[in-house]
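The values are calculated or read from the model by the stated rules, or taken from the named source; none is laboratory data. Remember, it's a predicted structure, so these values are computed and weren't measured experimentally. Cβ atoms come from the backbone with ideal geometry, glycine included; neighbour counts cover every protein chain shown.
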Amino acid sequence: MLFRSSKNGVFLGDVAAVEVFLPPLVPAKIGGSTLLVVPESGATVVPLSRLSSFGDAVGTSLAMRALFAMLERAAPSDETVLLLGESGTGKEVLARAIHANSSRRDGPFAVVDCGALTASLIESELFGHVAGAATGLTSDRTGLLEQANGGTVLIDEIGELPLDLQPKLLRAIESREIRKLGSNKVRPIDARIIAATHRNLAARAKDGSFRADLYFRLSVVELHVPALRERKDDIPLLVERFLAARRPAASLSDLPPHAVALLQAHDWPGNVRELRNIVARLLLFPEMLPGLLGGQPVTPPAAPLAPATPQVDGGAAALLDLPLPEARELVMEQFERGYVEERLKRHGGNVSRAAESMGVSRQLVHRLIERYGLRTR
């Protein structure tokens, strides 16, 4: 272990050192602390995948190849998988790849986002309801756990699942059957469960904010998806993938000079999702590279449109060169940021009041605040 000089000094035994290599079982004093490196009983061999992709997820870094190796072994089974990682790391992409590499690949793939729904809506989405079960429920609804029979259900942001619903989900996973909201009839289900969250569920299980029995049932196969800042070597490969997927396809030469080096120097709090959107913007507005990576809002230059084209905001001409899904995502991101920012201002930065006025959960607002770097009270 290598230490560099500190204000309090580094001592190996009684000898002061500017830089030392710390061998096993030799005490080193660093300031007021003493460290001792104790070797473990043996080395652990981590298998690596020979592939640089798993489904639509790509990476040649050791972290991703180790993750791909575990996914390749887990996917063909029917075991429950728990994907842990920050927002934007690609957990849903990996979940879809798990489904595509399983025996259930020909069945449905359904997603429910616990962070974007209220407790009553989560229960209805997962388990379904009968007419009259609650105010406003005028017809029967089949829940996603039942709709996905023969397939897979991704329960995204499961760390936001209300405590009172957790026993019901646990029973459904254990018994493979459900009851709709407002019904006494039990219905069998046959769906594989994949759960994902950016929360530390092990810690939450210890402090009681998440049921330990549900956590242990979900974590049969528990996998950590690394943040983009932990695998910056994969950025060129990811950028190439995003460029190749465009219509028409683009390449690294279409980016501004030194763009990839600047992208690798960024910390990417929004992870792969943020990188994908930045790459799309760079193709539209290459002269704005420093502003895009500096986190400052960038106003696209106004561009005149053909007379027959409806006049919209500046930069629309450039957006019209994008495929519809990418153009929609960029516009929605700009709208989403401005909308949440304005709602927070109206309510003095109070997240609960802003979420109530928006008709969404506090968890979703917190995720949007984190994604766009907004300030709260």
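Observations, loosely collected:
- Qualifying positions in the range 323-366 - closer than 18 Å to Ala116 by Cα, polar (S, T, N, Q) and free of Cβ contacts under 8 Å to residues at least 24 places away in the same chain: Ser352, Ser357
- Any hit, the range 239-247, residues being within 30 Å of Leu282 (Cβ to Cβ), surrounded by fewer than 16 Cβ atoms within 10 Å (Cβ to Cβ) and among the basic types (Lys, Arg): yes
- Hits in the range 143-190 - residues which are out of contact with any Cys (no Cβ under 7 Å at 6 or more places or on another chain), of a type in the set (Val, Ile, Thr) and closer than 24 Å to Val81 by Cβ: Thr152, Val153, Ile173, Ile178, Ile189
- The range 31-58: number of residues that are at positive phi and at pLDDT 75 or above: 1
- Only one of the listed residues (Arg187, Arg176, Arg192, Arg199) is on the phi > 0 side of the Ramachandran plot and touching a residue at least 12 places away in the same chain (Cβ under 8 Å). That residue is Arg176.
- The criterion of at least 2 residues that are modelled with pLDDT of 90 or more, farther than 30 Å from Phe68 by Cα and in contact with a Leu (Cβ under 9 Å, 6 or more places away or on another chain) is met, among helices (runs of 4 or more DSSP H) falling completely within the range 91-173, by 119-127.
- Residue match in the range 191-213 (condition: closer than 22 Å to Ala133 by Cβ and at pLDDT 95 or above): yes
- Residues of the range 201-221 satisfying the condition of being surrounded by fewer than 13 Cβ atoms within 10 Å (Cβ to Cβ) and either part of a loop (DSSP other than H, G, I, E, B) or aromatic (Phe, Trp, Tyr) (or both): Gly208, Ser209
- Against the criterion of being crowded, with 22+ Cβ neighbours inside 10 Å and either closer than 30 Å to Asp190 by Cα or in contact with a helix residue (DSSP H, G or I) (Cβ under 7 Å, 6 or more places away or on another chain) (or both), Ala95 qualifies.
- Selected residue [of a type in the set (A, V, I, L, M, F, W, C), assigned by TED's automatic domain parsing to the domain that holds Leu83 and surrounded by fewer than 20 Cβ atoms within 10 Å (Cβ to Cβ)] from Leu154, Leu165, Leu144, Leu161: Leu165
- Test: residue in the range 253-263 that is farther than 30 Å from Arg171 by Cβ, touching a residue at least 60 places away in the same chain (Cβ under 8 Å) and not aromatic (Phe, Trp, Tyr): no
- Any hit, the range 226-245, residues being at pLDDT below 90 and under 22 Å from Phe54 (Cβ atoms): yes
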